[in-house]
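Just below is one structure, and these are the notes that go with it.
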There are 2 protein chains.
Amino acid sequence: MRVLVLGGDGYLGWPTAMHFSAGGHEVHVVDNYLRRKMHSEAGSGSLVPIAPDLPTRARTWHDITGKTITVTEGDLINWQLVKNLFREFSPEAIIHYGEVPSAPYSMMDHDRAVLTQYNNVISTLNVLWAMHSYVPRAHLVKLGTMGEYGTPNIDIEEGWIEISHNGRSDRMLYPKMPASLYHCSKVHDSTNIEFCCRVWGLRATDLNQGVVYGIETEQTRLAGGLATRFDYDSVHGTALNRFCVQAVIGHPLTPYGKGGQTRGFLNIVDTLRCVELASLKPSAPGEFRVFNQFTEQFSINELAELVCRAAKDVGIEATIRHVDNPRVEKEEHYYNARHTKLLDLGLEPHLLSETLVEHMLETIQRHQNRVIAEHIMPSTTWRDGHQPVPGEQLIAGVGV
Amino acid sequence: MRVLVLGGDGYLGWPTAMHFSAGGHEVHVVDNYLRRKMHSEAGSGSLVPIAPDLPTRARTWHDITGKTITVTEGDLINWQLVKNLFREFSPEAIIHYGEVPSAPYSMMDHDRAVLTQYNNVISTLNVLWAMHSYVPRAHLVKLGTMGEYGTPNIDIEEGWIEISHNGRSDRMLYPKMPASLYHCSKVHDSTNIEFCCRVWGLRATDLNQGVVYGIETEQTRLAGGLATRFDYDSVHGTALNRFCVQAVIGHPLTPYGKGGQTRGFLNIVDTLRCVELASLKPSAPGEFRVFNQFTEQFSINELAELVCRAAKDVGIEATIRHVDNPRVEKEEHYYNARHTKLLDLGLEPHLLSETLVEHMLETIQRHQNRVIAEHIMPSTTWRDGHQPVPGEQLIAGVGV
């Protein structure tokens with residue numbers, strides 16, 4: 001299968017590219033390095049050292065496995081680039097991670113909110129037009145997020161819900177209540193993709209992914225030069241990854257607010273498998289298919305406690321300190337999200353365990369000297385925007 | 001009240017500005033003339049002659065009424081302009097029509113789809129950030145469209161719906177199934193606005209408006225120089241207005257497909273009253289209020305038949321010819337949309353009658369020599385995009 005990985009330099013994109021290449025697929029990756037630029041502007045960076053660019057990564061991959069991953073360094077906002085890419089590579093599956101991925105970034109200030117929505121919505125619109133124009137039978141596998149749903153008081157279904165109302169019923173799109181302007185951009189994407197499936201007959205699977213944790217995959221372990229990035233800062237890090245780093249450097253674990261926020265979580269190796277399963281069984285022409293991509297639900301307090309227990313086992317006394325919640329969100333709420341469709345396709349989850357956390361803690365200890373502690377605590381609140389962090393050199397006018 | 005009318009040069013914007021000014025409010029209008037540019041590019045134009053620009057319109061308004069409407073000729077995409085505008089005028093109500101308003105335009109080609117979504121989503125995001133930054137207590141009255149809902153098999157509620165599911169229930173946003181990439185852009189706006197109300201405590205009323213018809217309002221009648229534009233072409237004209245023009249020039253009335261498509265309609269004078277009612281009773285801080293803004297439902301066939309009957313009364317023998325539907329939409333479907341909230345606020349609808357259509361036909365007859373017949377039939381299909389029309393000089397690369 002010809003697989004195009006958009007955002008192929010990211011935390012998930014690079015391991016996904018290797019995973020498909022290892023599986024014998026023809027893989028082309030695209031990235032504009034926006035994530036790297038955002039880090040260098042903020043003065044933050046990956047805990048684990050990563051290769052400097054995609055050509056270097058692809059060279060290492062070839063050296064070690066004999067397999068080829070081809071590369072485009074460029075921006076999906078550029079319609080000429082997207083057109084040429086789809087015309088020339090003619091992908092059968094498009095794995096689309098190519099978006100600004102951070103909720104706090106989108107709430108920092110006007111310019112970063114606009115950049116997030118402009119980048120995400122228009123890039124995806126470019127991809128949809130390119131599919132319509134050049135590869136109308138290809139399958140789009142789009143990374144969305146569970147954060148699109150918010151925390152409704154009813155069970156969360158997988159994208160669609162049967163609604164009965166005044167004696168009639170219909171299968172409708174599940175209502176969304178996104179958690180940030182970044183999450184709003186993902187909802188916009190879903191709206192556009194559903195429309196293009198319905199009207200142009202495109203095939204798409206929207207993967208509403210939970211919070212990913214983990215450092216390694218089967219392929220990243222093969223060589224240092226194949227490692228994927230690992231972020232723990234308040235802008236790009238996710239909860240479990242950040243708690244593990246906090247434990248290692250002796251920083252209290254910092255749940256936001258009461259910590260009763262419940263979310264879906266999954267291991268990075270399950271992300272790769274989910275994307276693969278979705279690609280191998282594409283949706284039908286015209287079908288907008290939605291999977292909730294996570295394996296377990298936890299509250300933030302449960303995660304923090306798990307990390308404390310695992311830390312103790314490796315000789316670290318971790319503590320928990322609740323901090324003011326920078327976000328506007330419910331801190332105690334009902335949460336029950338269905339996630340059976342990927343299991344039906346054959347997913348065998350790697351569940352979270354103390355052993356896994358201990359392994360993460362040990363890996364983090366090896367890179368402990370690279371932690372930049374200033375970036376761990378939140379510097380952006382949903383209501384008041386961003387407060388500068390020492391070492392930041394934020395560029396004004398990044399909006400469009 | 002200080003009222004800011006965004007898109008104040010348009011079919012609805014200019015009459016709205018005069019209506020508020022006549023009511024004693026302090027009115028400032030903004031427009032970038034994009035609608036006029038789109039017409040001049042296409043070789044189409046308003047049936048009714050209109051003044052060349054907003055300063056001329058405002059001067060005429062002042063000459064005739066002694067009242068002042070102030071003007072900004074500029075683009076809401078320009079954040080500096082939006083910031084200055086909100087800081088200096090400090091609006092209490094913002095009436096937001098300032099968007100690319102055409103479904104067919106958004107389906108013509110990639111560049112026009114991108115222009116529509118970029119313009120609409122980012123302009124509205126600019127407005128929301130400006131409210132948050134400078135006038136957090138102001139009230140946004142945003143023009144949406146009934147076309148955001150599509151044609152579900154259950155009753156359409158006003159923006160929110162109580163959903164019971166697996167023994168629990170919640171008040172959720174009503175699921176949307178937009179009818180074009182333009183309609184998608186309006187859904188994106190609604191998503192962003194609801195978020196900003198919920199998180200920043202902004203006040204907003206989303207007016208999901210039906211199809212507007214009519215040529216005159218109390219103020220446009222005062223002088224030729226105060227007339228509002230009247231479009232009948234396939235890109236900017238709405239069904240009833242177009243049918244009336246077709247009847248006058250001896251063109252068959254052309255329902256798309258079977259003509260069983262049912263929609264909500266309202267008179268332009270009711271639009272002005274609805275916007276006024278919403279502004280005088282603003283939503284509460286943090287409230288995202290949605291009104292369905294129309295007064296009657298008709299199928300397209302019913303409209304065509306009504307125009308035929310009215311035409312006969314003024315001596316015109318109109319005929320009906322169904323044409324292939326350029327859109328992808330259901331041509332026979334359930335449709336029952338609630339629209340009681342504006343009635344509760346005091347709206348007294350001007351319902352559609354043969355007499356009103358006869359009056360429209362007579363007005364059109366006075367301008368009959370200005371009709372450009374080439375632009376009446378659809379030139380864009382939802383599946384295949386745009387076919388050039390004689391006289392068009394479409395600019396390539398209009399996308400962003």
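The values are calculated or read from the model by the stated rules, or taken from the named source; none is laboratory data. Keep in mind it's a predicted model, so treat the numbers as computed, not measured. For neighbour counting, all protein chains shown are included, and Cβ atoms are generated from backbone atoms with ideal geometry for every residue, glycine included. All accessible areas refer to the heavy atoms of the entire protein, side chains included, with ligands and DNA or RNA removed. Shrake-Rupley method; radii C 1.70, N 1.55, O 1.52, S 1.80 Å.
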(request) Please give the average number of partner chain Cβ atoms lying within 10 Å of the Cβ of each residue in B:114-123, rounded to a whole number. (result) 4
(request) In Å and from the alpha-carbon atoms only, list the Rg and Dmax of the stretch B:307-364. (result) 16.5, 41
(message) Once the label point is set 7 Å along the Cα-to-beta-carbon vector, what list of distances in nm do you get between A:HIS333 and its counterparts in the other copies?
(response) 3.0
(message) Could you tell me the center-to-center distance, by alpha carbons, between the stretch B:254-278 and the stretch B:12-67 in angstrom?
(response) 21 Å
(request) Any aspartates and glutamates with Cα under 19 Å of the A:LYS258 Cα? List them, leaving off those in the same chain fewer than 8 positions away. (result) A:GLU302, A:GLU305, A:ASP324, A:GLU329, A:GLU331, A:GLU332
(request) Treating the Cα atoms of the protein assembly as shown as identical point scatterers in vacuum, please give the log10 of the normalised Debye intensity I(q)/I(0) at q = 0.05, 0.06 Å⁻¹, two decimals. (result) -0.27, -0.39
(request) Grab the eigenvalues of the alpha-carbon gyration tensor for the stretch A:222-374, scale each by 5, take roots, and send me the semi-axes largest first in whole angstrom. (result) 29, 21, 14
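Could you tell me how many cubic angstrom of Cα convex hull volume the stretch B:1-53 has per residue?
Cα-based convex hull of the stretch B:1-53, divided per residue, equals 74 Å³.
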(request) Could you quickly flag the chain B residue whose beta carbon comes closest to the rotation axis taking B to A, and that distance in whole angstrom? (result) B:HIS188, 2
(request) Would you work out the relative contact order for chain A, in percent, from Cα pairs under 8 angstrom that are 6 or more residues apart? (result) 21 percent
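Relative to the Cα centre, what is the charge dipole magnitude of the stretch B:1-101, using +1 at the beta carbon of each Lys and Arg, -1 at the beta carbon of each Asp and Glu, and rounding to the nearest 20 debye?
About 80 debye.
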(request) Nearest 100 Å² is fine: how much accessible area is buried between A and B, summed over both sides, with a 1.4 Å probe? (result) 5000 Å²
(request) Provide, for q = 0.14 Å⁻¹, the log10 of I(q)/I(0) from a solvent-free Debye sum over equal Cα point scatterers in the stretch A:151-269. (result) -0.86
(message) If you wrap a convex hull around the alpha carbons of chain B, what volume per residue comes out, as a whole number of Å³?
(response) 135 Å³
(message) Averaged across B:328-337, how many Cβ atoms of other chains sit within 10 Å of each residue's Cβ atom?
(response) 1
(request) Report the convex hull volume per residue for the stretch B:138-187, counting only C-alpha atoms, in Å³. (result) 100 Å³
(request) May I ask for the net charge around A:LEU394, where only other residues with Cβ less than 13 Å from the Cβ of A:LEU394 are counted and Lys, Arg are +1 while Asp, Glu are -1? (result) -2
(request) List the distances, in nm to one decimal, from the label point of B:MET377 to the label points of the same position in every other copy, shortest first, placing each label point 7 Å from Cα along the Cα-to-Cβ direction. (result) 7.1
(request) Using the structure shown, select from A:LYS341/B:LYS186; B:LYS142/B:LYS341; A:LYS186/B:LYS186; B:LYS83/B:LYS142; B:LYS281/B:LYS341; A:LYS37/A:LYS67 the pairs with a Cα to Cα distance greater than 22 angstrom. (result) A:LYS341/B:LYS186; A:LYS37/A:LYS67
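Ordered by packing density, taken as the mean number of other Cβ atoms within 10 Å over each peptide's residues, highest first, how do A:225-235, A:332-342 rank? Show your work: numbers first, answer last.
Numbers: A:225-235: 23.5, A:332-342: 16.5.
The densest-packed peptide leads the list: A:225-235, A:332-342.
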(message) Going by Cα centres, the stretch A:88-112 and the stretch B:188-245 are how many Å apart?
(response) 33 Å
